[in-house]
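So the structure is just underneath, and the comments pick up after that.
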Amino acid sequence: MSDKDATETIDATAAGIARAAEILRAGGLVAVPTETVYGLAARADSDAAVERIYEAKGRPSFNPLIVHVGSIEQARELAHFSEIEEAVAGAAWPGALTLVVRRRADAPLAAAVSAGLETVALRQPDHPVMQALIEACGFPLAAPSANRSNAISPTTAAHVIETLDGRIDLVLDGGPSGKGLESSILAIRHDGAQKGVWEELRPGPVDLDMLHQHFFDGPMERSAASGKIEAPGQLARHYSPGKPVRLNAHQAAQGEFLIGFGSIGGDCSLSPAGDLGQAAARLYSSLHEAAHSGCPRIAVAPVPEEGIGKAINDRLRRAAA
Ligand code: TXA
Ligand code: MG
């Protein structure tokens, strides 16, 4: 397609999913709803298709993608799972957990998917549309969040169109994403430590401390920060609404659009009742709304650093950086 054509949005009905699968089979790009955020999908086994993801997003080629699978069996064809990785996948999948595992040498994956690393990031999503699409395709789908690089992640089909209109082949509209934040990313290192050393590469909807406690009786060990960029998407400047953002605001200063939480009202609220799950689901919509408001600056009320609040604050700090 040429850049000038508008991208079509269709409902994620059975017919819509069949059409999306056809486009993907031919090497095209389709934005798809998942329970976390909308993903920009391409067939993960095609160099040309994966290359188009990087092009459409304007994503640097050193930043690897998440590969979405329909089952743990499909995941095993792509990577070597240790015993503990098997157990973790068994407990958290399908769901908002991405596991960074050792890529098989003969994995049917485009090289660019893991940007030259020996590992690959895998996730089995818990969303009926994404699941039906992977099944219809028969191959795994590479899918980063469906936004231009550094822009706010999309939780609706309309958000996708805001930054990718004319750059992708189709948007499947499945309504707003339920969780609203990108998956948690976990890498387990096995060097020496018998049960592995867990490293949280990105906080998200699955609380990794709680998951760790489920398997081990004790606090989570974290490998020392190596200084090496492990999850390059975790660079400080990310999720940018394109305006200055001030955090922990109790009221709006002049010219600020205030995003409230709990007892702090505002121009909109993450959750008037102070519910963190609702706040996560509304975070990106609120940032989109603030970005489109006439106000030159954005302020956000304090959000407690507990449960999914940790992931909300992670994204807010990056939006403010
Ligand atoms: O919820 C999600 O994870 C969404 C939906 C669509 O599944 N996807 C998503 O993808 O957030 P993306 O590309 O925006 O973020 C992928 C993150 C990046 O920070 C990237 O650096 C990291 O995963 N990543 C991918 N492969 C990796 C690897 N082999 N090692 C370490 N980090 C990796
Ligand atoms: Mg992203």
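The values are calculated or read from the model by the stated rules, or taken from the named source; none is laboratory data. Nothing here was measured: the structure is a model prediction, and the numbers come from that model. Positions of Cβ are generated from backbone atoms using ideal geometry, with glycine treated the same way; all protein chains shown enter the neighbour counts. Protein only, heavy atoms only, side chains kept; ligands, DNA and RNA dropped before computing areas. Shrake-Rupley method; radii C 1.70, N 1.55, O 1.52, S 1.80 Å.
Consider only pairs whose beta carbons are under 9 Å apart and that are at least six residues apart or on different chains; among these, list those whose first residue lies in segment 59-77 and is hydrophobic (A, V, I, L, M, F, W, C) and more than 14 Å from ligand 1 (Cβ to nearest atom) and whose second residue is outside any loop (DSSP other than H, G, I, E, B) and open to solvent by 30 Å² or more (accessible area, probe 1.4 Å).
Every condition considered, the pairs that remain are I72/E86; I72/G90.
If only one of L181, L172 is buried (at least 24 other Cβ atoms within 10 Å of the Cβ) and either within 12 Å of ligand 1 (Cβ to nearest atom) or in a loop (DSSP other than H, G, I, E, B) (or both), which one is it?
Checking each option against the conditions leaves just L181.
Go through segment 1-47 and count every residue that is closer than 16 Å to A142 by Cβ and open to solvent by 70 Å² or more (accessible area, probe 1.4 Å).
The qualifying residues number 3.
Does any residue of segment 68-86 turn out to be under 25 Å from S285 (Cα atoms) and open to solvent by less than 20 Å² (accessible area, probe 1.4 Å)?
yes
Kindly list the number of the only condition in (1) within 23 Å of I10 (Cα to Cα); (2) touching a strand residue (DSSP E or B) at 6+ places or on another chain (Cβ under 9 Å); (3) buried (at least 18 other Cβ atoms within 10 Å of the Cβ) that fails for A121.
In the conditions (1) within 23 Å of I10 (Cα to Cα); (2) touching a strand residue (DSSP E or B) at 6+ places or on another chain (Cβ under 9 Å); (3) buried (at least 18 other Cβ atoms within 10 Å of the Cβ), A121 misses (1) alone.
From the list T36, T7, which one is under 18 Å from V171 (Cα atoms), in contact (Cβ under 8 Å) with a residue 60 or more places away in the chain and within 15 Å of ligand 2 (Cβ to nearest atom)?
It is T36.
Across segment 275-294, what is the number of residues that are free of Cβ contacts under 8 Å to residues at least 60 places away in the same chain, surrounded by 17 or more Cβ atoms within 10 Å (Cβ to Cβ) and touching a strand residue (DSSP E or B) at 6+ places or on another chain (Cβ under 8 Å)?
3
Inspect all residues belonging to segment 241-260 and state whether any of them is within 16 Å of ligand 1 (Cβ to nearest atom), open to solvent by 40 Å² or more (accessible area, probe 1.4 Å) and under 21 Å from the mean Cα position of the chain (by Cα).
Looking for residues that are within 16 Å of ligand 1 (Cβ to nearest atom), open to solvent by 40 Å² or more (accessible area, probe 1.4 Å) and under 21 Å from the mean Cα position of the chain (by Cα), one finds none in segment 241-260, hence no.
Residue-by-condition table, conditions (1) at pLDDT 95 or above; (2) part of a loop (DSSP other than H, G, I, E, B); (3) aliphatic (A, V, I, L, M):
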| position | (1), (2), (3) |
| --- | --- |
| A253 | yes, yes, yes |
| G277 | yes, no, no |
| L283 | yes, no, yes |
| L287 | yes, no, yes |
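Anything in segment 93-109 that is in contact with a Leu (Cβ under 9 Å, 6 or more places away or on another chain) and either open to solvent by less than 10 Å² (accessible area, probe 1.4 Å) or free of Cβ contacts under 8 Å to residues at least 40 places away in the same chain (or both)? List them, or say none.
Of everything in segment 93-109, those that are in contact with a Leu (Cβ under 9 Å, 6 or more places away or on another chain) and either open to solvent by less than 10 Å² (accessible area, probe 1.4 Å) or free of Cβ contacts under 8 Å to residues at least 40 places away in the same chain (or both) turn out to be W93, A96, L97, T98, L99, V101, R103, R104, A107.
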